[in-house]
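Heads up: the structure comes next, in structure tokens.
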Amino acid sequence: MKKTGIFLAVLAGVVAFTSSANASFSACQSIADPIKRLACYDKAANATAPSGKTAAVNSVEGAASNAIPVKTPAKALSPVNSAPRYWIEAEGGIYGFSKNLPVLAATAPPGSTGPTLVPTSPGFIGLVTISTIINPLTTGEPADFGGGGSYRMGYWLDPERTMAVEGSVFFVQGKSKFDLSGAPTTVKTSTSINTTPDVFVGLFDDTTTTTVTNAAISDQLYGADANFRMKAPRFSNLSTFDVMVGARYAALDEKLTASVNSLFSRTFPPALGLPPPVDFSNSLSGSDSFRIRNDFIGPQIGFNAEQRWGRYWVASENKVAVGAIIEGLSVSGVNVFSTTPTKTLVLAGIPLAVNAGGTPVSGVGAAPSFGLFAQGDRSKTAFAVVPSGNIKVGYDVIDDMLSLTLAYNYLYMSNVGRVGDQITSPFDIRQSSFFAQGITFGVKAKF
């Protein structure tokens with residue numbers, strides 16, 4: 001009877017203990033976080049046998065074994081390593097541009113004429129003009145160097161980082177300033193009357209002097225791209241090799257600004273004995289601009305390769321885009337002019353325009369007829385190829401989180417319109433190429 005009572009007591013304890021453990025396991029099932037749920041299971045299992053050994057009650061001689069089997073504790077799983085899926089880069093540095101010697105004006109001397117018969121003076125052979133020019137070419141300084149930067153962001157679409165989307169923007173600007181006041185362009189035309197085959201009498205000299213001051217040429221190179229990026233089989237044991245496909249936009253905006261001053265004067269030799277005032281002059285001055293904008297857009301493909309040695313790594317990204325480039329040329333300016341009133345004076349049957357003695361007339365007009373500023377607006381669409389890329393050296397300050405970079409960058413545009421090429425193409429947009437390269441420092445963050 002005593003043995004039966006002990007057995008029933010032990011059995012009741014086991015049932016109570018098991019019910020408590022089951023209740024603990026049931027509570028763990030309601031925990032959403034997998035790591036916390038595993039920890040709960042582990043705690044509940046250990047609670048059944050805190051010492052890690054078989055639990056038992058005092059044995060009674062002749063009684064059946066009353067050992068309680070211990071449930072094997074559940075082993076907690078280590079958390080999955082979640083690598084950063086976002087990245088952002090920022091770079092800045094200096095850039096150099098392909099040279100383009102801008103010819104602002106190429107002034108040809110007016111052709112010499114004569115003798116031209118004067119109907120009102122039949123006794124003379126005719127009028128003769130002879131022209132000369134000083135500094136026929138007006139050239140400026142190109143923008144060879146500039147500064148700029150770029151920004152890039154990307155996101156891996158899967159935890160394994162095999163597919164991603166990324167985008168970038170960049171902006172580079174260079175500017176040159178020059179003053180050509182020390183080398184004005186002067187055109188002089190002397191008009192005389194051929195009285196006899198060997199005798200020429202000078203009537204007047206017309207001189208036009210044009211000076212360019214406060215001139216500047218600015219180059220702005222900017223653009224953006226967006227790509228889908230996917231891991232590809234490794235080549236030559238590279239750490240990473242990705243291929244990409246996307247779209248590229250790039251623009252080159254080149255602008256010439258200058259102050260143009262033009263002075264025209266007519267002088268008569270005193271030997272003619274004309275009643276003064278006869279000499280007069282007209283002036284024109286103002287600020288003008290000549291601008292060409294090139295906008296490219298098209299699809300692109302490329303690749304990115306990377307090799308790592310601990311915290312150090314080297315990467316190279318190269319892309320090529322093909323598409324249309326739209327070129328637009330515009331000329332603008334506001335100028336102030338001053339014109340002297342004239343009258344006609346007849347000398348030996350030859351009509352001469354001389355100073356009327358009145359107050360000069362002033363006003364505001366358009367751009368002067370000098371060099372590039374005399375051309376009109378126009379546009380053109382052409383096909384272009386735009387390769388771009390970089391070679392980058394990096395160091396991981398914080399592994400897989402923060403890196404410092406030093407990079408060489410390049411971009412080439414096969415067909416563009418540039419300021420310096422248009423002086424010989426007043427009705428079209430002459431094509432040339434453009435190349436920019438730079439050294440940049442940057443930082444890359446992953447999160």
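Worth pointing out:
- Placed amide H near residue 85: partners under 5 Å, 5+ positions off or other chain: 447
- Pair-distance distribution P(r) for segment 221-272, from all Cα-Cα distances in 5 Å bins starting at 0: 4, 11, 10, 9, 8, 8, 7, 5, 5, 5, 4, 4, 4, 4, 3, 3, 3, 2, 2 percent.
- Note on segment 86-446: Kirkwood hydrodynamic radius from all Cα pairs is 24.8 Å, rounded to one decimal.
- Radius 12 Å from Cβ of residue 145, net charge of other residues (Lys, Arg +1; Asp, Glu -1): -1
- Two numbers describe the Cα atoms of segment 376-447: Rg and Dmax, which are 19.3, 59 Å.
- Segment 79-213: C-alpha gyration tensor shape, a/c 1.5 cut-off, then a/b vs b/c: prolate
- Shape index of segment 133-281: Rg/Rh, with Rg the Cα radius of gyration and Rh the Kirkwood radius from the inverse mean 1/r over Cα pairs, equals 1.44.
- Cα-only radius of gyration and Dmax that characterise segment 329-427, units Å: 28.8, 97
- Taking label points 7 Å from Cα along the Cα-to-Cβ direction, residue 155 and residue 408 give a separation of 3.5 nm.
- Segment 416-440 and segment 180-244: distance between their alpha carbon centers, rounded to Å: 8
- Taken over segment 245-332, the ratio of Cα radius of gyration to 2.2 N^0.38 Å equals 2.42.
- Measuring against 19 Å, Cα to Cα, the residue pairs 175/380; 175/392; 175/444; 231/319; 99/392; 188/255 contain 175/380; 175/392; 175/444; 99/392; 188/255 as the ones spanning a longer distance.
- Using the Cβ-Cβ distance between residue 230 and residue 379 with R0 set to 45 Å, the FRET efficiency from 1/(1 + (r/R0)^6) comes to roughly 0.70.
- Against the empirical 2.2 N^0.38 Å (N residues), segment 192-349 has a Cα radius of gyration ratio of 2.14.
Values quoted throughout were computed directly from the atomic coordinates according to the rules given, and no laboratory measurement underlies them. Predicted model, so just to flag it, every value in this text is computed and none were measured. Positions of Cβ are generated from backbone atoms using ideal geometry, with glycine treated the same way; all protein chains shown enter the neighbour counts.
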